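The values are calculated or read from the model by the stated rules, or taken from the named source; none is laboratory data. Model, not experiment: these values are computed from the prediction. When we count neighbours, we look across all protein chains shown, and the Cβ atoms used for this are built from the backbone with ideal geometry, even at glycine. Quick note on the areas: whole protein, heavy atoms, side chains included, nothing else; ligands and nucleic acids left out. Shrake-Rupley method; radii C 1.70, N 1.55, O 1.52, S 1.80 Å.
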Amino acid sequence: RTMPSQSKSKYKSFIVALLSAFASPTTASEGSCQEDGDLTSWETPAPPKSCRLFLARRQRQHSNDASSTSIEEAGGGGGRKLGIFTAVDLPRGMPLTFRGGDVVLHLIDADPYLDGGKETSSDNNSSQLSKWLSHGFLQDAIGSGHGGNYEGLGKVLTALPGVGMLASSPRDSDGRPNVWASVPETDEANLPRGISPLAGSFSLDYNLTHVVKNPKGIEKGGEVLVDRYGWHRRKALSNNSTTLSPQREEESTSEQQRMGSQQLFQDGICIDNLHYGLSTHRYGRGGFSSRFLPKGSIVAPVPVLPIPRKELRYLRSKEWKKVEAYRRKLEKEGNRQSMGLDESDIEESLPLNTEWRHQLMLNYCLGHQNSSVLLFPYGIVNQINHASSVGSDGAERQETGANVGLRWSEKMMQNEEEADRRTLTPSQLWKMPNPEGLVLEMVALRDINPGEEVLFNYGTRWEEAWATHVERWSEDPEYSKETHTMEDDYSPAYIMEDVVSNLRTAEEQLHYPYPDNVFTACFYRYERGEDDSDTTTIFQQPSSSKKQTEATPWRMSAGLFDMMNLRPCKVISREPAMNRHASQQEQEQRKQQQPGNGKMFYTAIIQNRPGLPPNERIPKGEKHIISGIPREAFRFVDRPYTRDVHLDGAFRKNIGVEESGLFPEVWLDMA
């Protein structure tokens, strides 16, 4: 499958704006560099005049500034230091990224790293994942609305490297974000299991595009504010309720930080020099230059979040429970003494036949083999593929090798209020209250033409690990069979969604079952009030009778197609849509028609999904039967742990920076 194009009707009114924004690809001034090729000594050209979006340092808000309470504050222990600002007016409906939105990464069963469930902990000794979550760099997959609900059976966290992580967000109920994103696209980028050793090594979810939603658009110099705390969801619910009065959008717009054009071009870094597409090197998806980038120019800012290697290890939810029981046994004083174990030994102990798994995020991190520190880039660079800088003969590659490199961004890291994080030891780094503060720059090693694929050298260690993986995948039948063989009945949910127009009933599936890796789910909203009664003013549900046998008609409402409302459901009957003006005979004939001869409606039993709060769970013993559900309200969903990312032999290795000298010596704690 190629990358699907955006709907023509969706962007029809903005074609002229897009063409004009990217009509002058060569306006960047030429830069110069030293002959030794040292990235730190290069003179950086000015950003192109056609750049629309910049990453820049946000101004610190004063305590008496109204916006300091409604938007993630700049500076300090809890605020965002960087933000996205626009250099042009962006009208409502305009996509921020004109080709290719954010990548979507899920952290599977991350519960043990969330400080006992304290997701908003600000303790300096908290895990890095807890700090990422409390500062808005991660979201609960269920609440994000971007999918991932069923990736695992434990807590699933979602990262949106790109606009979703770079931009700030209003925190309180009155603050209004000015952009919105729906759900990402999903496919295997022509690299399915059983065919490619790359299967499972990259995210299947991509192109999460943020679109301007503010009625007035975003004025030139304004800050982009994403919806990280559910403003659009609350607004949809208020529109469904007679007890809640929806606010006028004009009155609920957050106060924005603003920057002048000169300040943006002087202090910011352009973030829309890249777009995504299918790699010309058969690597799946890749990053491409949107305009001419002269040698020495900054291709993109690369802000990074530090994280200990061990926090990107995980076990599945049931495996964690076995490990906890095993460690409790070891902690008994007699066992500890007889086995000579200390506390750190117990923390690393696993029962027999249990091995650590590694999050997919590891493949997107920068790391050094002698360091416990990993750096996760959360800018718009996460689909840039590998190319070595030298060939097999040792000669430097000019045209086919890496065309970008990395260096520290001194401009973006200027902060007189705290120590340079590159001077801190790993243990000191983990105690910093705010994980933000480290920024790299991706720099062009040679002239890069518009539309040319951008490639980065992942390092010798990465190349060696990849070569070993490919050799084992190709030559070891047992390894290939256990990890990458295409099962006879395997079909990913996104394929099923494309090809199945009429759903089978539970009875039909006894004879013609769906693949084991998928199930059907329905968009259905349910919540019980404090008095344990149904909240009928906002939410749709049938009678609270525990012996309900009659079906309640399905009803559409604003915000219903939110991923939070996607629940497992079992189809029990199907009937064709009826023309109310048809005769009784015509209606009987319509009922006898085979599926596929017209629109169908379904009756289904609605079930609970994992992770629901108590007031949203259908009580045990109740049967919720809903009739008249259109096909559009159903989704095929992959069962937990069945997508390619969960393949046992999927490639896992961080991007290596050993040869670049990026990691300070103080971080090399594993030498």
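Take the cross-link list Lys235/Lys599; Lys213/Lys295; Lys322/Lys620 and give me the ones stretching past 29 Å between alpha-carbons. Walk me through the numbers before you get to the answer.
Numbers: Lys235/Lys599 31 Å; Lys213/Lys295 37 Å; Lys322/Lys620 27 Å.
Checking Cα-Cα distances, Lys235/Lys599; Lys213/Lys295 exceed 29 Å.
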Computed from the beta carbon distance with a Förster radius of 60 Å, FRET efficiency for Ala467 and Asp140 to the nearest 0.05 stands at 0.95
1/(1 + (r/R0)^6) with r = Cβ-Cβ of Ser660 and Thr354, R0 = 51 Å, i.e. FRET efficiency to nearest 0.05, evaluates to 0.90
Site Thr280, offset 7 angstrom along Cα→Cβ, radius 15 Å on amide nitrogen, limited to the range 448-465, gives 448-456
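Taking a threshold of 22 Å on the Cα-Cα distance, which of the pairs Lys321/Lys623; Lys570/Lys623; Lys318/Lys653; Lys431/Lys653; Lys81/Lys411 fall above it?
On the way: Lys321/Lys623 31 Å; Lys570/Lys623 11 Å; Lys318/Lys653 25 Å; Lys431/Lys653 26 Å; Lys81/Lys411 13 Å.
Table pairs above 22 Å Cα-Cα are Lys321/Lys623; Lys318/Lys653; Lys431/Lys653.
Contour minus end-to-end for Gln266 and Gln607, with contour as 0.36 nm per residue of separation and end-to-end as the Cα-Cα distance? Display every interim value, and only then the final one.
Details: separation 341, 0.36 × 341 = 122.76 nm, distance 5.52 nm.
Additional length available on full extension: 117.2 nm.
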Carbon/sulfur fraction of accessible area - the range 249-328, other protein chains in place, 1.4 Å, % | 45
Would you mind putting 552-563, 356-367 in packing order, based on average other-beta-carbon counts within 10 Å, highest first?
-> 356-367, 552-563
Stretchable slack from Glu622 to Arg258, in nm (0.36 nm times residue separation minus alpha-carbon distance) = 125.7 nm
Once you charge only the Cβ atoms, +1 for Lys and Arg and -1 for Asp and Glu, what is the size of the charge dipole of the range 181-226 about its Cα centre, to the nearest 20 debye?
-> 160
Given the C-alpha centroids of the range 170-220 and the range 596-671, what is the distance between them in whole angstrom?
-> 15
Between Val224, Ile195, Asn214, whose Cα lies farthest towards the positive end of the dipole of the range 160-238 when Lys and Arg beta carbons carry +1 and Asp and Glu beta carbons carry -1, centred on the Cα centre?
-> Asn214
Subtracting the Cα-Cα distance of Thr460 and Arg446 from 0.36 nm times their residue separation yields 2.9 nm
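Roughly speaking, to the nearest percent, how much of the range 140-224's 1.4 Å accessible area is carbon and sulfur?
Numbers: 1070 of 2140 Å².
Carbon and sulfur together cover 50 percent of it.
Highest first, please rank the peptides 297-303, 429-435 by the mean number of other Cβ atoms sitting within 10 Å of their residues.
Values: 297-303: 25.6, 429-435: 18.1.
Most protected by this proxy first, the peptides run 297-303, 429-435.
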